[in-house]
Amino acid sequence: MNALRVSGLAVDLGGRRVLTDVDLTVDRGELVGLVGPNGAGKTTLLRSLMGLLKPRAGEVEVDGEPVRRAGTGLGYVPQRHEFAWDFPLSVEGVVMTGRIGRLGLFRRPRAADWRAVVEALDRVRMADLRTRPVGELSGGQRQRVLLARALALQPSALLLDEPFTGLDMPTQELLSDLLLSLARDSHAVLTTTHDLPGALYTCDRLILLNRTVVAAGPPNELRDEQPWMDTFGVGEGSPLLKILKAV
Ligand SMILES: Nc1ncnc2c1ncn2[C@@H]1O[C@H](COP(=O)(O)OP(=O)(O)OP(=O)(O)O)[C@@H](O)[C@H]1O
């Protein structure tokens, strides 16, 4: 049974079809990279799965069950710049906001909520900074706080939007190790990224997206240049294709 299964997803934005006939699966235990050019629809796909956008068509299943309410069982990590870091909240306060879907806006957090927050912060190795105002954190620490916020809901699948952007190489490596260990701890992890070498090295599978899924598979089965040329709209001799050969 797939942790996440998407079939026939279509999304319109501004009167234009942005995603069409998207089929994909992500299993527990695997880290899957969603790659494609600017405007391919990667963010739109994640936002539709979370119920932030309403698809025109398609079905989403989490752990084999059709989701009645989009976002159920899914943890979402938005792009870092989308979060209001100047809001006067501590690290643990931000992570608790991840429980709001389960808490409801007006119920006070209970012991189980605080336990979930502490566990999530431990998981991303941020427990020692739990009382720090989030405005004082580095980019890498902020990324881990957003990850903990998604983990606080104890989701089956994690969806991350460009978590590596703007991080230095060692911090990117730490984060990809963390995502891999979350996957191996039986989460299904789907992350968008523009870091193709990183994705080719780290991910168990890649999904090449440009309005629809052009190709998908483990990196060593995606050696054929044509799907990359079709996805990214590049010609023979593009440096992008050289990356494929180098990895
Ligand atoms: N609110 C909106 N109204 C109309 N069109 C939109 C809206 N948001 C996004 N789009 C369009 O939908 C398409 C997909 O955008 P999306 O942001 O999902 O792509 P992406 O693959 O995440 O791109 P990037 O790599 O640049 O983040 C683009 O053509 C974009 O212009």
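The values are calculated or read from the model by the stated rules, or taken from the named source; none is laboratory data. Just so it is clear, the model here is predicted, and its values are computed rather than measured. Cβ sites come from the backbone with ideal geometry, for glycine too, and all protein chains shown count toward neighbours. We work out accessible area using only protein heavy atoms, side chains counted, and drop any ligands, DNA or RNA first. Shrake-Rupley method; radii C 1.70, N 1.55, O 1.52, S 1.80 Å.
Determine whether region 161-168 contains at least one residue that is more than 23 Å from residue 50 (Cα to Cα) and touching a strand residue (DSSP E or B) at 6+ places or on another chain (Cβ under 7 Å). Scanning region 161-168 turns up no residue that is more than 23 Å from residue 50 (Cα to Cα) and touching a strand residue (DSSP E or B) at 6+ places or on another chain (Cβ under 7 Å).
Residues in region 204-231 that are over 17 Å from residue 45 (Cα atoms) and either within 16 Å of the ligand (Cβ to nearest atom) or over 19 Å from the mean Cα position of the chain (by Cα) (or both): 220, 221, 222, 223, 224, 225, 226, 227, 228, 229, 230. The condition (being over 17 Å from residue 33 (Cα atoms), surrounded by fewer than 22 Cβ atoms within 10 Å (Cβ to Cβ) and not β-branched (Val, Ile, Thr)) is satisfied by just one residue among 217, 233: 233. Of all the residues in region 163-187, those that are open to solvent by 30 Å² or more (accessible area, probe 1.4 Å) and assigned to a helix (DSSP H, G or I) number 10.
Matching residues to (1) in contact (Cβ under 8 Å) with a residue 60 or more places away in the chain; (2) open to solvent by 30 Å² or more (accessible area, probe 1.4 Å):
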| residue | (1), (2) |
| --- | --- |
| 18 | yes, no |
| 25 | no, yes |
| 35 | yes, no |
| 42 | yes, no |
| 99 | no, no |
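For region 119-153, the set of residues classified as touching a residue at least 60 places away in the same chain (Cβ under 8 Å) and open to solvent by 40 Å² or more (accessible area, probe 1.4 Å) consists of 142, 149, 153, listed by residue number.
Here residue 116 meets the list (1) open to solvent by 60 Å² or more (accessible area, probe 1.4 Å); (2) without any contact (Cβ under 8 Å) to a residue 40 or more places away in the chain; (3) small (Gly, Ala, Ser) almost entirely, failing just condition (1). Selection of region 167-197 for residues being under 15 Å from the mean Cα position of the chain (by Cα) and within 16 Å of the ligand (Cβ to nearest atom) yields 190, 191, 192, 193, 194, 195.
Of all the residues in region 111-143, those that are under 19 Å from the mean Cα position of the chain (by Cα) and not in a loop (DSSP other than H, G, I, E, B) number 8. Inside region 227-240, residues that are free of Cβ contacts under 8 Å to residues at least 40 places away in the same chain and either in contact with a Gly (Cβ under 9 Å, 6 or more places away or on another chain) or not in a helix (DSSP H, G or I) (or both) make up a count of 6. Residues in region 144-162 that are within 16 Å of the ligand (Cβ to nearest atom) and either part of a helix (DSSP H, G or I) or of a type in the set (D, E, K, R) (or both): 161, 162.
The single condition among (1) open to solvent by 10 Å² or more (accessible area, probe 1.4 Å); (2) over 14 Å from the mean Cα position of the chain (by Cα) that residue 76 does not satisfy is (2).
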